[in-house]
Amino acid sequence: MFKQIETAELGKELRMVVVDTIKELMDENKRVIALDADLGSASGWTTLEGTNKERFFNMGIAEANMVGVAAGLSLTNYIPFIHTFGPFATRRVFDQMFISGGYAGNTINVYGSDPGFAAGPNGGTHTTWEDVALMRMVPNATICDAADEVQMEWIIRTFSHLQGVHYVRGNRKAVHKVYAPGSTFELGKGNLLQEGNDILLVAAGQLVYETLQLAKQLVQEGYSVAVIDMFTIKPLDKELLLAQSKDKKLIITIENHSINGGLGSAVAETLAENGYGIPLQRIGVNERFGQVGTPDFLQAEFGLTTDKIYEQVQPNLANLN
Amino acid sequence: MDEQTVTRLSVLADKVRLDTLKTLKNMGYGHLGGSFSIAELLAVLYGKQMRIRPQEPQWANRDRLVLSKGHAGPGLYAMLANMGYFDKTMLATLNEGGTNLPSHPDRLKTPGVDATTGSLGQGTSVAAGIATGLRLDKKDNYVYLICGDGELNEGQCWEAFQYLAHFKLNNCIVIIDDNKKQLDGLTVDIMNPFDFQKKMEAFGFYTLKVKGDDIRGIDAAIEELKSVKDQAVCLVLDSIKGQGVPYFETLNDNHSVKFNNDEINQAAEETIVALEKSIKEREQVNV
């Protein structure tokens, strides 16, 4: 069961949440193994070397090989976790992930860090707003977008018990807290964070926090707003989505990703295939490449702050009245 | 190696050729050249070097083989069938809808296939991962990685080689089938590989080179590579695409052979008769 937490404080850095969780998993299970592609000091993964030196490998700047080696480790019954920045964990190694991972029936657990605006000063070359879209095309892959530290820890732990290709994206840095410590979740199930009758907001990842702020604002304006944290983007919780969509006048998806192929697309497909003709607005990145700037600058530049999202939904709100 | 073993392995190599040719002719097309060039290699590995239990394909203590040049799948299937991993009648189902023998090896479908390959380059890293896992488990098993010379156009192979050399994973025996041809022509014309032995040595490998049809030489080289400590190892197989049958060796377009005219069909028929006769004779002598 999950419980929300009301605070404006930032949590622990997500990279350290990932590292600390993998460290615990490595201590608990000698089959857990960690690979990083020369970003160990940027991701904190080099600290894994301390306790389990023989089960941490720096693969060098060779992501395709890292994915293939992970597949080979899976064939010898190891449980590999790999890390690199989101674009290199997906776009750059798509065929390796697809064939050596998914098609070959191997287990690869992937942390793609700094998705979307989190790429910050690394700029457009290091930005991915396509990772979810790509991974959705890998049959039976699991895709998660972690809302906060509590959820990230739970996701990493859960991946370690499952076979197959699993991808989680998340900022390296600290993000706002959404859940109380000790919260648990269910893979493939969305979390209904708030109930309401007029508008349904469906978000994932660190924008869940912004979505909750947006919901507050809308409630103050007199709307009745429901919020779902759809942290498992694949498989999508169609049951919850349809149940919550049923009587709504407007559905808005919010994601730090392209509106093509990500959460918004998954929601749109589900609604359309089930005959739900409800107005849908997809908030995300639309036909743009990344650019350089601080994460805060980029979040505003790409329209993903609470204020900028509010501006974008305004015209549709006007139509509701 | 005694004369009897050499004969036994050369018969096994020709059985791979015979069954591959029968399968491909029956289908009307297929990857003949690269299957024939590794026939002696497969015979030495499956017939002598590898620790395997064909009746128990998933035996935990087995050596592994990763056919990274996955298009030689028909040759591997012929070998697996001859070793008893599955019934020979299954060979006739190659590439049929829903078959367990797809064009390129799939570990989830075929008994004896250890890794899914065919998207070229990827098998190299998978073999490196298996070698890592075996090393971590302190097992003395080997992974035999068979790469094509054309396949080594793929950058991922060189990523994997750097990794094997850096971590001194000498339990992964890298074998480069240097048959000098790739799909569109000669490797030297398409993308010159220069000298594989020098290249691999420069990458940090202890490297040997041997003729592709030299059973004694292949076996001795593998023995030598197994004795190497603290260094990655590689065998460059100086082979010929279509190896072992002069007609197919000289056939220009022998990567994927199409059995679509009288001349080629007659050559295939004659080859099948000659191989059957020669195998029978040698088996009788070798009893």
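The values are calculated or read from the model by the stated rules, or taken from the named source; none is laboratory data. Note that this is a predicted model, so its numbers are computed, not measured. Ideal geometry is used to build each Cβ from the backbone, glycine not excepted, and the neighbour counts take in all protein chains shown. Calculation scope for accessible area: heavy atoms of the full protein, side chains included, ligands and nucleic acids excluded. Shrake-Rupley method; radii C 1.70, N 1.55, O 1.52, S 1.80 Å.
Evaluate the distance, in nm, between pseudo-label points positioned 7 Å from the Cα of B:Asn261 and of A:Asn260 along their respective Cα→Cβ axes.
4.6
Taking the Cα atoms of the range B:177-287 alone, what are Rg (to one decimal) and Dmax (as a whole number) in Å?
Rg, Dmax (Cα atoms, Å): 17.8, 54.
Restricting the count to DSSP beta bridges whose residues both fall in the range B:101-223, what percent are antiparallel, rounded to a multiple of 5?
Numbers: 2 of 8 bridges.
Given both bridge residues lie in the range B:101-223, the antiparallel proportion sits at roughly 25 percent.
Ratio of chain A's C-alpha Rg to 2.2 N^0.38 Å, to two decimals? Numbers along the way, then the final one.
Details: Rg = 18.9 Å, N = 321, 2.2 N^0.38 = 19.7 Å.
Scaled against compact globular proteins, the figure is 0.96.
Can you pull the Kirkwood radius for the range A:64-149, inverse mean 1/r over Cα pairs, to one decimal in Å?
On the way: mean 1/r = 0.0760 Å⁻¹.
Evaluated over the range A:64-149, this radius sits at 13.2 Å.
Across 10 Å bins from the origin, how do the percents of Cα pairs in the range B:52-205 run, short distances first?
With a bin width of 10 Å, the distribution comes to 11, 38, 34, 16, 1.
Scattering from the C-alpha atoms of the range A:204-249 alone, worked out with Debye: what is log10 I(q)/I(0) at q = 0.21 1/Å?
Per q value, in the given order, log10 I(q)/I(0) is -0.81.
Semi-axes of the range B:1-88's equivalent ellipsoid from the Cα gyration tensor, sqrt of 5 times each eigenvalue, largest first, rounded to whole Å?
On the way: eigenvalues 85, 54, 28 Å².
Ellipsoid semi-axes (Å, largest first): 21, 16, 12.
Order A:Tyr111, A:Tyr103, B:Tyr247, most accessible first, counting only protein heavy atoms with a 1.4 angstrom probe. All intermediate terms of the calculation are to be shown ahead of the outcome.
On the way: A:Tyr111 5, A:Tyr103 105, B:Tyr247 60 Å².
If we order A:Tyr111, A:Tyr103, B:Tyr247 from most to least accessible, we get A:Tyr103, B:Tyr247, A:Tyr111.
Of A:Phe289, B:Phe36, which has the most accessible area and how do the rest follow, probe 1.4 Å? Present the calculation step by step, with values, prior to reporting the outcome.
Details: A:Phe289 185, B:Phe36 0 Å².
Putting A:Phe289, B:Phe36 in descending order of accessible area: A:Phe289, B:Phe36.
Round to the nearest 10 and report in Å² the accessible area of B:Arg216, as given by a 1.4 Å probe over the protein chains' heavy atoms.
Here the accessible area works out near 110 Å².
Just to confirm my numbers, what's the Cα centroid distance between the range B:92-125 and the range A:257-290 in Å?
Cα centres, the range B:92-125 to the range A:257-290: 37 Å.
Treating the beta-carbon of each Lys and Arg as +1 and of each Asp and Glu as -1, no other charges, what is the dipole magnitude of chain B about its Cα centre, to the nearest 20 debye?
Details: 32 positive and 39 negative charges, 168 e Å.
For chain B, the charge dipole is close to 800 debye.
With a ≥ b ≥ c taken as the square roots of the eigenvalues of the C-alpha gyration tensor of the range A:176-321, please select rounded if a/c is under 1.5 and otherwise prolate if a/b is larger than b/c or oblate if it is not?
Values: a/c = 1.27, a/b = 1.15, b/c = 1.10.
Rounded, since a/c falls under 1.5.
Would the range A:10-138 count as rounded, prolate or oblate if I go by the C-alpha gyration tensor, calling it rounded below 1.5 in a/c and otherwise prolate when a/b exceeds b/c, oblate otherwise? All intermediate terms of the calculation are to be shown ahead of the outcome.
Details: a/c = 1.79, a/b = 1.09, b/c = 1.64.
Here the range A:10-138 falls in the oblate category.
By a straight-distance test (C-alpha under 18 Å), which aspartates and glutamates pair with A:Lys246 as possible cross-link partners, with residues fewer than eight away in the same chain excluded?
A:Glu195, A:Asp198, A:Asp229, A:Asp237, A:Glu269, A:Glu273
Where nothing but the Cβ of Lys and Arg (+1) and of Asp and Glu (-1) is charged, how large is the charge dipole of the protein assembly as shown around its Cα centre, in debye to the nearest 20?
Details: 58 positive and 76 negative charges, 183 e Å.
Dipole about the Cα centre, nearest 20: 880 debye.
Over what distance in Å are the Cα centres of the range A:132-154 and the range A:28-102 separated?
Taking the Cα centre of each part, the range A:132-154 and the range A:28-102 sit 17 Å apart.
With a 1.4 Å probe and all protein chains left in place, how much accessible area per residue does the range A:168-269 have, in Å²?
The answer is 32 Å² per residue.
Using the Kirkwood radius over Cα pairs, work out the Stokes-Einstein diffusion coefficient for the range A:168-247 at 20 °C and 1.002 mPa s, in µm²/s as a whole number.
In µm²/s, the coefficient is 161.
Taking the full set of protein chains and a 1.4 angstrom probe, give the accessible area of B:Asp87 in square angstrom, rounded to the nearest 10.
Accessible area, nearest 10 Å²: 100 Å².
Provide a whole-number value for the mean count of partner chain Cβ atoms within 10 Å of the Cβ atoms in peptide B:112-125. Kindly include the intermediate steps, with their values, before the conclusion.
Working: counts 0, 0, 2, 7, 8, 3, 2, 7, 0, 6, 12, 5, 5, 13.
Across B:112-125, the average partner-chain Cβ count within 10 Å equals 5.
Please give the solvent-accessible surface of A:Thr107 in Å², to the nearest 10, using a probe radius of 1.4 Å with every protein chain present.
10
Taking the C-alpha atoms of the protein assembly as shown, how large are the radius of gyration and the largest Cα-Cα span, Dmax, in Å?
So, for the protein assembly as shown, Rg and Dmax equal 28.0, 96 Å respectively.
Which order do A:Leu192, B:Leu237 take by accessible area at a 1.4 Å probe, largest first?
Numbers: A:Leu192 50, B:Leu237 0 Å².
Ranked from most to least accessible, the order is A:Leu192, B:Leu237.
Using a Cα-Cα cut-off of under 19 Å, which lysines could be cross-linked to B:Lys168, ignoring same-chain neighbours fewer than 8 residues away?
Within the straight-line limit of under 19 Å, B:Lys168 reaches these lysines: A:Lys53, B:Lys138, B:Lys139, B:Lys198, B:Lys199, B:Lys226, B:Lys229.
Counting only heavy atoms of the protein chains, get the accessible area per residue of chain B (1.4 Å probe) and round it to a whole Å² value.
On the way: 11480 Å² over 287 residues.
Result: 40 Å² per residue.
Pull out a ≥ b ≥ c, the square roots of the eigenvalues of the alpha-carbon gyration tensor of the range A:104-159, then state rounded if a/c is under 1.5, prolate if not and a/b is larger than b/c, and oblate in the remaining case. Show your work: numbers first, answer last.
Values: a/c = 2.37, a/b = 1.29, b/c = 1.85.
It is oblate, given that a/c is not under 1.5 and a/b is not larger than b/c.
Of B:Leu136, B:Ser119, A:Ala62, which is farthest towards the positive pole of the protein assembly as shown's charge dipole, taken about the Cα centre with +1 and -1 on the beta-carbons of Lys, Arg and Asp, Glu respectively?
Working it through, the farthest residue towards the positive pole turns out to be B:Leu136.
Mean-square fluctuation check for chain A, GNM, Cα pairs under 10 Å: which of A:Thr211, A:Thr158, A:Thr253 is largest?
Of A:Thr211, A:Thr158, A:Thr253, the most mobile in the Gaussian network model is A:Thr158.
Can you compute the helix-only [θ] at 222 nm over chain B? Use -39500 (n - 2.57) per DSSP H run of at least 4 residues, normalise by all residues, nearest 500 deg cm²/dmol. Write down the numbers at each step before the final one.
Working: 11 runs with 126 residues, N = 287.
The per-residue figure over chain B is -13500 deg cm²/dmol.
State the Cα centre-to-centre distance between the range A:227-256 and the range B:6-22 in whole Å.
Cα centres, the range A:227-256 to the range B:6-22: 60 Å.
Beyond 15 Å, what share of the Cα-Cα pairs of the range B:90-149 remains, rounded to the nearest whole percent?
Values: 1015 of 1770 pairs.
Of all Cα-Cα distances in the range B:90-149, 57 percent exceed 15 Å.
Please report the antiparallel percentage of DSSP beta bridges with both residues in the protein assembly as shown, rounded to the nearest 5. Numbers along the way, then the final one.
Working: 11 of 71 bridges.
Looking only at bridges with both residues in the protein assembly as shown, the antiparallel portion is about 15 percent.
According to a simple spin-label model (label point 7 Å from Cα along Cα-to-Cβ), what is the distance in nm between B:Glu96 and A:Leu320?
So the label points at A:Leu320 and B:Glu96 sit 6.1 nm apart.
Taking every residue in B:131-137, how many Cβ atoms of other protein chains lie within 10 Å of its Cβ, on average?
If you average over the peptide's residues, the count of other-chain Cβ atoms is 6.
For a label point 7 Å from the Cα of A:Glu273 along Cα→C-beta, name the residues of the range A:137-181 whose backbone N is under 13 Å from it.
Output list for this probe position: A:137, A:140.
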